[in-house]
Amino acid sequence: MKRTILWLLVLLILFPLALTGAERRESEEIVLTAMVRDYSLNYDTPWYTAAEKFSEKYPHVRIEFEGLPYNDQREKVLITVGAERGPDIVMVDCIWLGEFASNNILIDLTSRISAVPGLRDDYIESFQQSSKWNGIEYGLWLWTDVRMLSYNKDLFRAAGLDPNKPPATWAELREYAKKLTNPATGVWGYAFPAFSTDHTADRWYPFLYMAGGQILSDDYTRAAFNSEAGVQALQLLVDLMRNDKVSPTDLLGISESDVSNGFFTEKYAMQIKVGEFWADFRDKGGLTFDEYKNKIGVAPLPVPPGGSIATGSGGWLAAITRDSKHPDLAFEYITMVVETYNMTEFLIKQGAIPTRKSMLALEDRFLSAVPYFNVAAEVLPHTQFRPPIPEYSQISSEIVFAIQSALTGRAAPKAALDLAAQRVNAILDQRKW
Amino acid sequence: MRRRPAVGYLYITPLVVGVLLFSIYPVIQVVWMSFHEIHLASLRQMTWVGLQNYAELFRIQRPTFSSVLTITALFVGGSVFFHVVIGLLLALMLNATWLKGRTFFRNLYMLPWITSGIMVGYTWSFLFEPRAGILNYMLSLLSLPAQSWTADPTLALPSIIIANIWRGVPYSLIILTGGLQSINPELNESAIVDGASTTQIFRLITFPLIKSFILLTLILDTGLTFHVFDTIFSMTAGGPMHSTETLAVFMYYQAFKYGKIGLGSSISMVLLTFALIIAIVYMRFFRPGRE
């Protein structure tokens, strides 16, 4: 009996010790967490391939990923970091940078980027600049996109237009759209988003830029979109919808994805689009690369008289949150993610556009898989970004309201934009940065 | 006076704890948050601002708070009215003893209620589609012009109300069916023997006896309709030109899109207050036996 009690005591002493040992071993393992967009986890590249390479160097570091839809990405990052339980690594939409940076959600990466030879210089200048907030670098660009004109060559041929000559000017855009619009077949000449989301403003900006305008002043403190250029750009949309009747009024009631579905089903002959339709026609339409190029054309957006080529870009950066316990490891990992050899495969599969010069140099490789990569590369140097300030969502809402007011005929373009500018200035007057 | 056994309180303790934890505490928390300036990007930094968030509601220019309230009133009023009227008519119809397959029909009518709000929104967006949608096709059969429905600022609100009526009718149907089934059939049979007409039976027997069920439907449905978000968001996102921005959508934009959590909390309190006031009004003017 005594021996049994003795054994029990020994076990009672040894068991917690064994547990402590296990805990110690576990504590040696470091876990980095990453909140990234759901679609970026569809392939092995870029996250998993980089993680594999990273674990070769750091076998005791494990990286856990969480894939999130667009809206959840922003909200979950903000809420978890707000609760001091944020992940180490996050994907940040370039328009969220100011909100995240000014609230200290992200850490300063400037010195770390400087320490990696050639990294900063390999980024296209405009993208490198747009990874900054108040002169501090907060992220590394992952990939981008550009707004271009997609058009249906079959419908061009049916309307007697040359499928290899897309409209190059605003006047040609209107003229072609009129020829392409056919009520008998239900085809509309030109489609653009006009729903109550940022897509509406975002697809209007390239026309504003082309006419020489900008959204806000250079220091982001005053509205600038109500300039003469803005009025011209909005008048173009009004002309297309209300005067020429080549764009349906119901665009105000359908989401951006439904507009794209309409182009896919040949309801619209031309459309302003982020990137191109290759993935849709390949996956849903069963078209081969050559069949797609024969059916769909992609061109830079038409320019106004005296205007110059311009477009808009969005895209994602990889950044590190203030909650990261291992920011150096996290940074080393994201530098592996953005490396050309690691990222290129993903960009080709996704049809996304690189932001690094070393990747753009691989044009032949991209062209073999991304049909109109050359057009994207042509317009990329002329791209502009939406203001990365915390108030952008509210500003966008005011601009969308102005666009919808003009498109419904409730206000003239100038009056609508002036009123929106007043509101935007009032919003900016309350800024805390 | 009889003493209540302590064991009774023990039995209800889990429920009381649950209510305190999951209903009362969140409400108190939201009230507390509504008196603070809180941003989504800095949740831990709460600054006491007193009633400023409530005052801010009246300073917002687009959409104005009064327009949001008007849209909410029309949405809730239109939805609840038709939920109860159509629900009552269907309940009466499905209560008819001569009708075969009543259970089947009752289950069939429940389908919209068990469908998610987002699915309802997408389905109705398709029905409202200007060219391929069935509604414009029906108008064309009547030689009426096609409408832009959700794209037209004047038609967008009626469009989302129609979709929400479709979704909410089964809820009142099921409660009112319960009410009708609680009526002793002998009452109706005696009235028929006495020569009462169908209208008289409904007015003098059925209606007074299901009045408490109608009251229950009105209170619960009003509360639920105030909070409808997913259907509206998937159909119109509150547009065009804020024409379908109800309090629930307004709150989402302010709290999550613009990150003003304190302001969003004050909108929540307004929502709760309206739902409570309307419930009290219903109970005061519509309580059984008032006449």
(1) surrounded by fewer than 21 Cβ atoms within 10 Å (Cβ to Cβ); (2) facing chain B (nearest Cβ under 9 Å) all hold for A:S397 apart from (1)
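Give the residues of segment A:262-278 that are away from every other protein chain (no Cβ under 11 Å) and either farther than 20 Å from A:P166 by Cβ or in contact with a Leu (Cβ under 8 Å, 6 or more places away or on another chain) (or both), sorted by residue number. Please lay out each step first, then the result.
Going residue by residue through segment A:262-278, those that are away from every other protein chain (no Cβ under 11 Å) are A:263-264, A:266, A:268-278.
Once the filter is applied, which keeps residues that are away from every other protein chain (no Cβ under 11 Å) and either farther than 20 Å from A:P166 by Cβ or in contact with a Leu (Cβ under 8 Å, 6 or more places away or on another chain) (or both), segment A:262-278 yields A:E266, A:A269, A:M270, A:Q271, A:I272, A:K273.
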Counting only residues that are within 12 Å of chain A (Cβ to nearest Cβ) and under 19 Å from B:F274 (Cβ atoms), segment B:27-63 contains a total of 3
Expected single match for over 30 Å from B:I183 (Cβ atoms) and away from every other protein chain (no Cβ under 14 Å) among B:F233, B:F226, B:F213 is B:F226
Going through segment A:138-159 in order, the residues found to be out of contact with any Gly (no Cβ under 8 Å at 6 or more places or on another chain) and closer than 30 Å to A:T110 by Cα are A:Y138, A:G139, A:L140
When B:I24 is run through (1) away from chain A (no Cβ under 14 Å); (2) crowded, with 18+ Cβ neighbours inside 10 Å; (3) under 29 Å from A:K76 (Cβ atoms), the failure sits at (2)
Just one listed residue, out of A:R37, A:R74, is surrounded by 15 or more Cβ atoms within 10 Å (Cβ to Cβ), within 14 Å of chain B (Cβ to nearest Cβ) and not acidic (D, E), and it is A:R74
Given the conditions (1) at pLDDT 95 or above; (2) crowded, with 16+ Cβ neighbours inside 10 Å, every one holds for A:T45 apart from (1)
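Rundown of residues vs (1) within 13 Å of chain A (Cβ to nearest Cβ); (2) of a type outside the set (K, R), yes/no style:
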| site | (1), (2) |
| --- | --- |
| B:F128 | yes, yes |
| B:A132 | yes, yes |
| B:L139 | no, yes |
| B:S159 | yes, yes |
| B:R167 | no, no |
| B:T177 | no, yes |
Would you confirm whether any residue within segment A:360-381 is outside any loop (DSSP other than H, G, I, E, B) and hydroxyl-bearing (S, T, Y)?
no
Exactly one of A:R112, A:R147 is within 16 Å of the chain's Cα centre (by Cα), buried (at least 20 other Cβ atoms within 10 Å of the Cβ) and either in contact (Cβ under 8 Å) with a residue 40 or more places away in the chain or in the same structural domain as A:A361 (by TED's automatic domain parsing) (or both), and that residue is A:R147
Being within 14 Å of chain B (Cβ to nearest Cβ), closer than 19 Å to A:R203 by Cα and at pLDDT below 95 narrows A:P381, A:P388 down to just A:P388
Just a yes or no: is a residue in segment B:249-265 among the polar types (S, T, N, Q), in contact with a Leu (Cβ under 8 Å, 6 or more places away or on another chain), more than 24 Å from B:Q52 (Cβ to Cβ) and within 14 Å of chain A (Cβ to nearest Cβ)? no
Subset of segment A:183-225, residues closer than 15 Å to A:V274 by Cα and either in contact with a Gly (Cβ under 7 Å, 6 or more places away or on another chain) or of a type in the set (K, R) (or both), comes to A:A191, A:D202, A:R203, A:Y205, A:P206
Expected single match for at pLDDT 95 or above and surrounded by fewer than 20 Cβ atoms within 10 Å (Cβ to Cβ) among B:P158, B:P208 is B:P158
Residue pairs qualifying under the 9 Å Cβ cut-off, at least six apart or on distinct chains, with the first in segment A:360-371 being small (G, A, S) and the second being exposed (fewer than 15 other Cβ atoms within 10 Å of the Cβ) and in a loop (DSSP other than H, G, I, E, B), are none
A:S397 vs (1) at pLDDT below 95; (2) within 22 Å of the chain's Cα centre (by Cα); (3) of a type in the set (S, T, N, Q); (4) closer than 28 Å to A:V231 by Cβ: all pass except (1)
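Matching residues to (1) under 30 Å from A:N104 (Cβ atoms); (2) surrounded by fewer than 22 Cβ atoms within 10 Å (Cβ to Cβ); (3) not assigned by TED's automatic domain parsing to the domain that holds A:A51:
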{"site": "A:K273", "(1), (2), (3)": "no, no, yes"}
{"site": "A:R282", "(1), (2), (3)": "no, yes, yes"}
{"site": "A:E291", "(1), (2), (3)": "no, yes, yes"}
{"site": "A:S308", "(1), (2), (3)": "no, yes, yes"}
{"site": "A:K325", "(1), (2), (3)": "yes, yes, no"}
{"site": "A:T355", "(1), (2), (3)": "yes, no, no"}
{"site": "A:D364", "(1), (2), (3)": "no, yes, no"}
Expected output for segment A:325-354 (first residue at positive phi, partner of a type in the set (A, V, I, L, M, F, W, C) and assigned to a helix (DSSP H, G or I), Cβ below 6 Å, 6+ apart or cross-chain) is A:G351/A:W278; A:G351/A:A279
_Residues that are within 19 Å of the chain's Cα centre (by Cα) and in the same structural domain as A:W141 (by TED's automatic domain parsing): does segment A:328-336 have at least one?_
yes
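A quick yes/no check of all residues on (1) assigned to a helix (DSSP H, G or I); (2) within 28 Å of A:A51 (Cβ to Cβ); (3) within 14 Å of chain B (Cβ to nearest Cβ); (4) in contact with a Cys (Cβ under 8 Å, 6 or more places away or on another chain):
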site	(1), (2), (3), (4)
A:D250	yes, no, yes, no
A:L317	no, yes, no, yes
A:Y341	yes, yes, no, no
A:F346	yes, yes, no, no
Self-check item: Condition met for B:L144 (closer than 21 Å to A:P248 by Cβ and away from every other protein chain (no Cβ under 14 Å))
Solution: yes
Inspect all residues belonging to segment A:417-428 and state whether any of them is within 14 Å of chain B (Cβ to nearest Cβ), surrounded by fewer than 18 Cβ atoms within 10 Å (Cβ to Cβ) and of a type in the set (K, R). no
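Residue-wise test of (1) surrounded by 12 or more Cβ atoms within 10 Å (Cβ to Cβ); (2) of a type outside the set (A, V, I, L, M, F, W, C); (3) assigned to a loop (DSSP other than H, G, I, E, B); (4) in contact with an Asp or Glu (Cβ under 8 Å, 6 or more places away or on another chain).
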residue: B:A55; (1), (2), (3), (4): no, no, no, no
residue: B:T72; (1), (2), (3), (4): yes, yes, no, no
residue: B:V80; (1), (2), (3), (4): yes, no, no, yes
residue: B:V84; (1), (2), (3), (4): yes, no, no, yes
residue: B:G87; (1), (2), (3), (4): yes, yes, no, no
residue: B:A91; (1), (2), (3), (4): yes, no, no, no
residue: B:W98; (1), (2), (3), (4): no, no, yes, no
residue: B:T103; (1), (2), (3), (4): no, yes, no, no
How many residues of segment A:200-233 are surrounded by 20 or more Cβ atoms within 10 Å (Cβ to Cβ), away from chain B (no Cβ under 14 Å) and part of a helix (DSSP H, G or I)? The answer is 14
* To do: Say whether the condition of being farther than 30 Å from B:N95 by Cα, crowded, with 22+ Cβ neighbours inside 10 Å and more than 14 Å from chain A (Cβ to nearest Cβ) is met by at least one residue in segment B:236-247.
  => yes
Within segment A:183-199, of all residues that are of a type outside the set (A, V, I, L, M), within 13 Å of chain B (Cβ to nearest Cβ) and not in a loop (DSSP other than H, G, I, E, B), the one surrounded by the most Cβ atoms within 10 Å (Cβ to Cβ) is A:W188
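The values are calculated or read from the model by the stated rules, or taken from the named source; none is laboratory data. From a predicted model like this one, the values you see are computed outputs, not experimental measurements. So basically every Cβ, Gly included, is an ideal-geometry build from the backbone, and we count neighbours across all protein chains shown.
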